[in-house]
Amino acid sequence: MRIAAVSGGLCLAWAGLIGSIHLDSRFTLPWTLGAVVPCYFAGLFGWWYAPAHPVARRLLLIGSLLAVSMALRYTAMLLSLGVGWGREDLEAILPPAEDLVVLMASEVIDLAVSILVVRLLALLPDGRYRFPGERALLRSMWALLLLPVVLPPAGVRAGTVGYVVFYYPEAWFPGLGALLLVIRALRARAAGQRDAARLLPAATAGAVLFLARASARLFRTWQGEDGFFYLLGTVLGALPYVVISLCVVYAAFRYRLLGVDIVLRPSVVHGTLWLIINSWYLGMAMTLGLTAGQYLPIGLAVLIAVTATALFQPLRARLNRLAERRVFGRRLSSFELLVQFGTTLEHAYDLRRLAPQLALCLKEGLNLRWVRVRLGGSGLPAALGAVGEQLPGPRGEFPLWYGDEVLGVIEFGPRTDRRFTPEDHDVVETLARQAALAVHNVRLTAELASRVEEVQRQTRELQASRARIVHAQDSERRRIERRLHDGIQQELVALVAKLRLARNRLDRGGDVLAALTEVQDDAYRVIDELREVAHGIHPPVLTDQGLVAAVTSCARRMPVPVTVHSAARLERLRLPLDVEESAFYLVSEALTNVIKHAAANRVTIRLALGAGRLSVEVADDGVGFAAEHTRTTGGLGLTGMRDRTEAVGGTLRITSRPGAGTTVHARLPARVREEAGA
Amino acid sequence: MPDPLRVVIAEDHYLVREGTRRLLEDTGDVQVLAAVGTAGELLDAVARLRPDVVIADIRMPPGHHTEGITAAHAIRAAHPGIGVVMLSQHANEHYAFDLFRRGTDGLAYLLKERIGELDELLRALREVAAGRSVVDPRIVEVLMGSHARTADAPLAALTRRELDVLRHMAQGKTNRSIAESLTLSESTIEKHVNSTFAKLGLAEEPQLHRRVSAVLAYLRHAPAPGPEGPAASGGV
């Protein structure tokens, strides 16, 4: 293979040299640049990176053989011109023996090239036999190589031989190869082999293109082997080789057609594509210019040549750009990069999506080998985004600063195409700043969401507690109403009855003293009862004397010893009424619980004021209870206590263990309303 | 028959006011100079009529809180010779503490229903007119029956015997009758009384005032009741 490559290269150089200098370059250059050079370099490229790959080998072989054939042909032409074999047209008459040998070798090689093209196309993408029949058919084609040897001795005219062994195969075989590829792709699709099946559209397009080109050749025969159309035909004739070369190189890089690993430098691929495209362009332009010069006045010819060159220039530029984009990916200007990322940021509320997007954006925009992005800061889970395989070697790192806070980091590898410039540095820095802002926004959004959730939760809780408070108020009203009607009113009715009784007794002249004493005692009882009801509605001492007085007074009336600890200052000052009432309600409710449930020997009440909050604690040494008990049942009036505490913006904590007593502790917001002098 | 006590009544409730007036005038021992409905009118009447005693409701317009106590303090400050009997619907010791905040002389705290116990009321009127002090038995009862303690109770420093003596003092007993109750000598009681005064920080006060302050200290910080049980009446 190495020999083929070297000899191909040498022959190419030789043929190019003599072809362009000594022969009419109108006939030589288009072919050289249009077909031989692309094939040879594409093959060389493929073979260099995947020496064992059949496609690469075949392509290189095609290129080399084309070069060898061309070198032979041109050498023969040069000899016949220079040494005076005296024949202008090698194919016009029966050649002498030397000529025959040269010609036959050249014909054999050309035929081999055509067969190789068929094999190359028909066995894409991996270059190996897959389906029954392929091997037999393609191998049998080599038999055609006998034709150039067999036909001349059999008396066939040299021109006809040329047509049979060179002209027709060259014209039709690429189309044949493409057709075979279509069949192969169809079979692959049926067999579920996706790699080959994917080639179906390309194969079909190739088959149509190549067969159309071959059909066009039919008309060329009647045009003669000369003139403008001949040259155009030559140029177009190179088309299969150009297309095949381009496709193979491109596919090698893009889809690892040759098993070429992705780490291969894209610049090499790009260079190869560039060479192929520009060779073809040069060939095209020169052919047109030279052809025009032959048939038209020189001024007009130059004009045509310039015009044609100008016309083909956009095509070439477009092909070059296409190659560049395909190889390097979409190149973005710094501005485009910022705009694109900015658009991404507008929808950035999920860091786990943003991180890979940023990584991809940086990698694509700056052609970085790899990028790793970590987003997230205090209070946010880290989101990672990585593109490209992280390799050891030079690396850059940008922390995402927002204020004094690091909200993530961008790490990246070197550029694939060139060095990392200060401009690139600025771009990354700007993106890092934008990303930091985005992370900050995401964090704000998250905080907002959690606050909204909290507010909603509080609202629900508030509604529930409001409902409970209203309910508690209603039932308390009913209780008071019952005590007034069933208790006090009945007592008063009884009192009236007893007074009437006393009057009757007086009318009869009886002794009313005992009756009146009884009435007075009853009246005292009604007063006591009334006082108790009124106290239950609202203890007046709380309003008149404040919390500590109300709490100690409440404590004094308890049947168990209650110790009240309170700061001296607290006795002198008054807190907002609702706070005092809530605190008192809490204490009296807690004491009621102690009496009802705790079986305590002593109770300690602590009242303290500090940091704008009133702390109320009622602790007993009673039986206690399991914490789950209250959580599940909400019993013991604890829900009411909690509602009451939270209604004034306070917090309630109840700690209890069976056998270890219960502590009710509340913290209520308290600004001092008034403070007595002493 | 002593001269009738000259009394001014302050009570915002018309029926109670007139009822009280009739009750008192009915006894013949009391001359009601005026019956008014507000604290302001009361102070006017006192300044004008210079009664011996004032009977005032604790709740009066405009605030219906403790206007009576404020008026009582004002009267005592302006006219130390005029006694004040506070009639209160609150059986709550803190109102009594409030009334006695600046000293107990010439002040009485009675529950309103004591109007029905005319003898008690008359006794209180005479006590305060004489510059002494009365606390409603019901209040004493609450304090005696109380289990409550405050953390800085000065009574914690007293011995058991001193507490006994103090408890009897709270029931308005003299040293002699305390001595009889506890079957101790009067000098022993005197010793206990003095050491109690010293421990309560009252050593520098005048004799009578000290007794009242000691009792109030007791009332405020009363310990668990002794074997004798609650007192029935609290004339000091």
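Taken together, the residues in segment A:358-404 that are of a type in the set (G, A, S) and closer than 16 Å to A:V427 by Cα amount to 3. Given the condition modelled with pLDDT of 85 or more, touching a helix residue (DSSP H, G or I) at 6+ places or on another chain (Cβ under 6 Å) and not in a helix (DSSP H, G or I), answer yes or no: does some residue in segment A:500-513 qualify? Yes: segment A:500-513 contains one or more residues that are modelled with pLDDT of 85 or more, touching a helix residue (DSSP H, G or I) at 6+ places or on another chain (Cβ under 6 Å) and not in a helix (DSSP H, G or I). Comparison of A:F420, A:F398 shows that the only residue that is touching a residue at least 12 places away in the same chain (Cβ under 8 Å), under 15 Å from A:R369 (Cα atoms) and within 26 Å of the chain's Cα centre (by Cα) is A:F420. Selection of strands (runs of 3 or more DSSP E) fully inside segment B:1-88 by the criterion of at least 3 residues being more than 28 Å from A:V541 (Cα to Cα) returns B:5-10, B:30-36.
Based on this model, can you work out whether A:V562 counts as modelled with pLDDT of 85 or more and within 8 Å of another protein chain (Cβ to nearest Cβ)?
Working: modelled with pLDDT of 85 or more: yes; within 8 Å of another protein chain (Cβ to nearest Cβ): yes.
The answer is yes for A:V562.
The residue that is surrounded by the fewest Cβ atoms within 10 Å (Cβ to Cβ), counting only those in segment A:524-546 that are at the interface with another protein chain (Cβ under 7 Å from one of its Cβ atoms) and over 30 Å from A:E675 (Cα atoms), is A:Y524. Filtered by the rule that a residue be away from chain A (no Cβ under 11 Å), in a loop (DSSP other than H, G, I, E, B) and buried (at least 22 other Cβ atoms within 10 Å of the Cβ), segment B:89-112 gives B:T104, B:G106. Consider A:R556 carefully, then state whether it is within 9 Å of chain B (Cβ to nearest Cβ) and in contact with a Ser or Thr (Cβ under 7 Å, 6 or more places away or on another chain). When the stated conditions are applied, A:R556 passes them.
All conditions in (1) surrounded by 15 or more Cβ atoms within 10 Å (Cβ to Cβ); (2) of a type in the set (G, A, S); (3) at pLDDT below 75 hold for A:G206, with the sole exception of (3).
Taking segment B:37-73 as the range and being under 18 Å from B:Q89 (Cα atoms) and of a type in the set (V, I, T) as the test, the residues that pass are B:T38, B:V54, B:I55, B:I58, B:T66, B:I69, B:T70.
A quick yes/no check of all residues on (1) under 11 Å from the mean Cα position of the chain (by Cα); (2) within 18 Å of B:R21 (Cα to Cα):
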position	(1), (2)
B:R48	no, no
B:D57	no, yes
B:I69	no, no
B:R76	no, no
B:P80	no, no
B:F100	yes, no
B:L110	yes, yes
B:I115	no, yes
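The single condition among (1) buried (at least 17 other Cβ atoms within 10 Å of the Cβ); (2) of a type outside the set (K, R); (3) under 18 Å from A:R353 (Cα atoms); (4) touching a Gly at 6+ places or on another chain (Cβ under 9 Å) that A:A446 does not meet is (1).
Mind checking whether some residue in segment B:122-136 is at negative phi, within 14 Å of chain A (Cβ to nearest Cβ) and not acidic (D, E)? For segment B:122-136, residues at negative phi, within 14 Å of chain A (Cβ to nearest Cβ) and not acidic (D, E): absent.
The condition of being modelled with pLDDT under 85 and either buried (at least 24 other Cβ atoms within 10 Å of the Cβ) or within 25 Å of B:V8 (Cα to Cα) (or both) does not hold for B:R149. The selection criterion, being assigned to a helix (DSSP H, G or I) and away from every other protein chain (no Cβ under 14 Å), holds for A:A494. Taken together, A:L506, A:L501 contain a single residue that is away from chain B (no Cβ under 14 Å), surrounded by fewer than 14 Cβ atoms within 10 Å (Cβ to Cβ) and among the hydrophobic types (A, V, I, L, M, F, W, C), which is A:L506.
Conditions (1) surrounded by fewer than 22 Cβ atoms within 10 Å (Cβ to Cβ); (2) over 60 Å from the mean Cα position of the chain (by Cα), marked per residue:
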{"site": "A:T552", "(1), (2)": "no, yes"}
{"site": "A:R556", "(1), (2)": "yes, yes"}
{"site": "A:R569", "(1), (2)": "yes, yes"}
{"site": "A:A583", "(1), (2)": "no, no"}
{"site": "A:T604", "(1), (2)": "yes, yes"}
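Residues of segment B:113-122 include at least one that is surrounded by fewer than 20 Cβ atoms within 10 Å (Cβ to Cβ) and at pLDDT 90 or above. Taking the conditions (1) closer than 29 Å to A:V587 by Cβ; (2) more than 14 Å from every other protein chain (Cβ to nearest Cβ); (3) exposed (fewer than 12 other Cβ atoms within 10 Å of the Cβ) in turn, A:G487 satisfies each one other than (3).
The values are calculated or read from the model by the stated rules, or taken from the named source; none is laboratory data. None of these values were measured; they are calculated from a predicted model. Quick reminder, even Gly has a Cβ in these numbers, built from the backbone with ideal geometry, and neighbours come from all protein chains shown.
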